[in-house]
Amino acid sequence: YIAILSDGMGHTLKSKTTSKAIVNAIVSLLKQDDRILKHIAEINDIFKVKMVEENYATLDFVSINRQTLIGEIVKCGAVHSFVIRNQEIIVIDNGGIPIGVIDDVNYCSISFKFEKNDIFIMMSDGIIEEFKEFNLSHQIKNEAKDLSFQELFNHLVSKMKHLDDATMIVLEIL
C-alpha cells in the first residue's frame, strides 16, 4: 500500500501544479519499479534542470507491505508524521530538504514496523504549523478517542490562525 503527500511552495496555482506533478511522476515511476529513492533523485534532477524560477515542494511518502507490515517512510522536507498505537503517540521525525531546492536530493528514509490497528497520520505544514508538537500529540491522544478523524481534521483546521493548505492522510493498518 502506498500513500503520497506533496505540498508545493506558496498558495498559488503553480504550487498546486508542482505538487500534483510530483505525485503523478512518482506514481508513474513506481509502476516501472519500486525504487522510490532513485525516483525521488530523478524527479529532483528534472526540477533543477527544467525550472527557471525557484520552485520546490515537500514530499511525504509511505509504502507498507501488507504481509509483513514493514513500511518505508520517506520525507523530503515534510513535517512530522504520527503513529497512534494503543493510545500512545509515536512521532516520525521530519527530515530532508524539499524536492527542487538543491542539486543533490536530501531525504530522510526510515524503515518502520507497523502493527495491526496502528493509525498512521501524515499531514501538510498548514495544519501542524499552528500547534507545537506536544499540543498536537495531546490533541490526538485526547480527541481521537471521541472524534472521528474527519472531526479531528475539522477541529484542527478550525484552530488555524492563517489561511494555508490543510491536508491530512489517515491510514488504519488492518
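The values are calculated or read from the model by the stated rules, or taken from the named source; none is laboratory data. Bear in mind the structure is a predicted one, so any value in this text is a computation, not a measurement. Heads up, the Cβs are rebuilt from the backbone with ideal geometry, glycines too, and the neighbour counts pull from every protein chain shown. The area values use the complete protein model at the heavy-atom level, side chains included, leaving out ligands, DNA and RNA. Shrake-Rupley method; radii C 1.70, N 1.55, O 1.52, S 1.80 Å.
Could you please find all residues in segment 4-24 being open to solvent by less than 40 Å² (accessible area, probe 1.4 Å) and among the hydroxyl-bearing types (Ser, Thr, Tyr)? Within segment 4-24, SER6, SER15, THR18, SER19 qualify. Look at segment 9-23: where a residue is closer than 12 Å to TYR56 by Cα and a partner is assigned to a loop (DSSP other than H, G, I, E, B) and among the aliphatic types (A, V, I, L, M), sitting 6+ places away or on another chain with Cβ atoms under 8 Å, you get SER15/MET9; THR18/MET9.
Flag not set for ASN106, criterion: part of a loop (DSSP other than H, G, I, E, B) and in contact with a Phe, Trp or Tyr (Cβ under 9 Å, 6 or more places away or on another chain).
With the requirement that a residue be farther than 17 Å from SER6 by Cα and surrounded by fewer than 21 Cβ atoms within 10 Å (Cβ to Cβ), what does segment 68-81 give you? Walk me through it before giving the result.
If we filter segment 68-81 for residues that are farther than 17 Å from SER6 by Cα, which is where we start, we get 68-71.
Answer for segment 68-81, where residues must be farther than 17 Å from SER6 by Cα and surrounded by fewer than 21 Cβ atoms within 10 Å (Cβ to Cβ): THR68, LEU69, ILE70.
Checked against the criteria, GLY126 counts as open to solvent by less than 70 Å² (accessible area, probe 1.4 Å) and in contact (Cβ under 8 Å) with a residue 40 or more places away in the chain. Determine which single condition THR18 fails, assuming it passes every other condition in (1) out of contact with any Gly (no Cβ under 6 Å at 6 or more places or on another chain); (2) modelled with pLDDT under 90. If we test THR18 against (1) out of contact with any Gly (no Cβ under 6 Å at 6 or more places or on another chain); (2) modelled with pLDDT under 90, just (1) comes out false. Taking (1) modelled with pLDDT of 75 or more; (2) over 30 Å from GLU54 (Cβ atoms) in turn, ASP103 satisfies each apart from (2). In summary, VAL105 fulfils each of the numbered conditions (1) touching a strand residue (DSSP E or B) at 6+ places or on another chain (Cβ under 6 Å); (2) aliphatic (A, V, I, L, M); (3) closer than 18 Å to ARG35 by Cβ with the single exception of condition (1).
For (1) more than 25 Å from ILE127 (Cβ to Cβ); (2) in a loop (DSSP other than H, G, I, E, B); (3) without any contact (Cβ under 8 Å) to a residue 24 or more places away in the chain; (4) open to solvent by 10 Å² or more (accessible area, probe 1.4 Å), each residue gets a yes or a no:
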position: LEU29; (1), (2), (3), (4): yes, no, yes, yes
position: GLU42; (1), (2), (3), (4): yes, no, yes, yes
position: LYS48; (1), (2), (3), (4): yes, no, no, yes
position: THR58; (1), (2), (3), (4): no, no, no, yes
position: SER63; (1), (2), (3), (4): no, no, no, yes
position: ARG66; (1), (2), (3), (4): yes, yes, no, yes
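Has segment 93-100 got any residue that is surrounded by fewer than 20 Cβ atoms within 10 Å (Cβ to Cβ), at pLDDT below 90 and in a strand (DSSP E or B)? Yes: segment 93-100 contains one or more residues that are surrounded by fewer than 20 Cβ atoms within 10 Å (Cβ to Cβ), at pLDDT below 90 and in a strand (DSSP E or B).
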